[in-house]
1. Determine whether residue 75 is surrounded by fewer than 18 Cβ atoms within 10 Å (Cβ to Cβ), touching a strand residue (DSSP E or B) at 6+ places or on another chain (Cβ under 6 Å), of a type in the set (Asp, Glu) and under 21 Å from residue 135 (Cα atoms).
2. How many residues are open to solvent by less than 60 Å² (accessible area, probe 1.4 Å), in a helix (DSSP H, G or I) and free of Cβ contacts under 8 Å to residues at least 60 places away in the same chain when one looks only at region 58-72?
3. Give the number of residues within region 150-167 that are open to solvent by 100 Å² or more (accessible area, probe 1.4 Å) and either within 21 Å of residue 10 (Cβ to Cβ) or not aliphatic (A, V, I, L, M) (or both).
4. Considering only residues that are open to solvent by 20 Å² or more (accessible area, probe 1.4 Å) and outside any helix (DSSP H, G or I), which ones fall in region 78-90?
5. Does any residue of region 107-124 turn out to be of a type in the set (Lys, Arg) and either more than 30 Å from residue 9 (Cβ to Cβ) or without any contact (Cβ under 8 Å) to a residue 40 or more places away in the chain (or both)?
6. Would a scan of region 91-100 turn up a residue that is surrounded by 19 or more Cβ atoms within 10 Å (Cβ to Cβ), part of a loop (DSSP other than H, G, I, E, B) and at pLDDT 95 or above?
7. Are any of the residues in region 18-41 surrounded by 14 or more Cβ atoms within 10 Å (Cβ to Cβ), on the phi > 0 side of the Ramachandran plot and modelled with pLDDT of 95 or more?
8. Restricted to region 101-117, and to residues that are aliphatic (A, V, I, L, M) and not in a strand (DSSP E or B), which residue is modelled with the lowest pLDDT?
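The values are calculated or read from the model by the stated rules, or taken from the named source; none is laboratory data. Worth saying up front: this structure is predicted, and the values here are computed from it rather than measured. Positions of Cβ are generated from backbone atoms using ideal geometry, with glycine treated the same way; all protein chains shown enter the neighbour counts. Ligands, DNA and RNA are stripped out before the accessible areas are found, and what is left, the full protein with its side chains, is counted by its heavy atoms. Shrake-Rupley method; radii C 1.70, N 1.55, O 1.52, S 1.80 Å.
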Amino acid sequence: MNYKQEAFAKAAPAIIKNLQMRGMEGYYFAASKDMVASILSMMPKGCSVSFGGSASLTQSGMMEALASGAYTLIDRATAKTDQERREIYAKTVMCDYYFCSTNAITLQGELVNIDGNGNRVACLIQGPAHVMLIVGMNKIVKDMDCAIQRIRTQACPPNAIRLHLQT
């Protein structure tokens with residue numbers, strides 16, 4: 001274990017405790033493959049799953065696992081018309097498991113997000129039976145001011161490029 005990984009492992013229990021105080025369960029995994037295996041073990045085969053756009057989901061291997069065919073994947077990218085997109089958004093809100101990340105998480109367990117379409121934030125607030133956030137330790141910040149700074153300088157610029165947006 002290197003120094004950075006050791007620091008992450010030491011910070012995780014306090015953040016998890018603060019998440020619990022906010023009514024959320026948290027888990028720490030040193031390796032993405034362990035996180036993916038643990039989450040998949042919680043989900044019944046065939047359940048409906050959907051997701052908000054997230055590099056964390058792809059980089060961790062979670063998207064590949066969800067698309068494996070063992071689950072009913074609700075993917076807005078399959079929509080061919082605006083009406084189909086609306087129907088997929090409606091199905092997403094009622095799915096069994098919704099996956100996303102967060103733009104930042106404070107040491108106090110506060111999730112901070114900016115959302116272009118509102119679909120991710122909407123599903124975080126209400127709808128899916130279970131919401132699973134895949135959050136890299138790189139998203140942990142000291143407080144709300146640092147969260148806003150991280151979003152403005154580290155999250156939004158690459159996301160705008162990834163989504164081909166002119167801001």
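1. When the stated conditions are applied, residue 75 does not pass them.
2. 3
3. Of the residues in that region, 6 qualify.
4. Matches in region 78-90: 80, 81.
5. Taking every residue of region 107-124 in turn, none turns out to be of a type in the set (Lys, Arg) and either more than 30 Å from residue 9 (Cβ to Cβ) or without any contact (Cβ under 8 Å) to a residue 40 or more places away in the chain (or both).
6. Narrowing region 91-100 to residues surrounded by 19 or more Cβ atoms within 10 Å (Cβ to Cβ): 92, 95, 97-100.
Of the ones still in play, those that are also part of a loop (DSSP other than H, G, I, E, B) are 95.
Remaining after also requiring at pLDDT 95 or above: 95.
Yes, that holds for at least one residue.
7. no
8. Start the filter on region 101-117 by keeping residues that are aliphatic (A, V, I, L, M), which leaves 104-105, 107, 111-112, 114.
Going one step further and asking which of them are not in a strand (DSSP E or B), we end up with 107, 114.
On the way: 107: 95, 114: 86.
If we take residues in region 101-117 being aliphatic (A, V, I, L, M) and not in a strand (DSSP E or B), then 114 is modelled with the lowest pLDDT.
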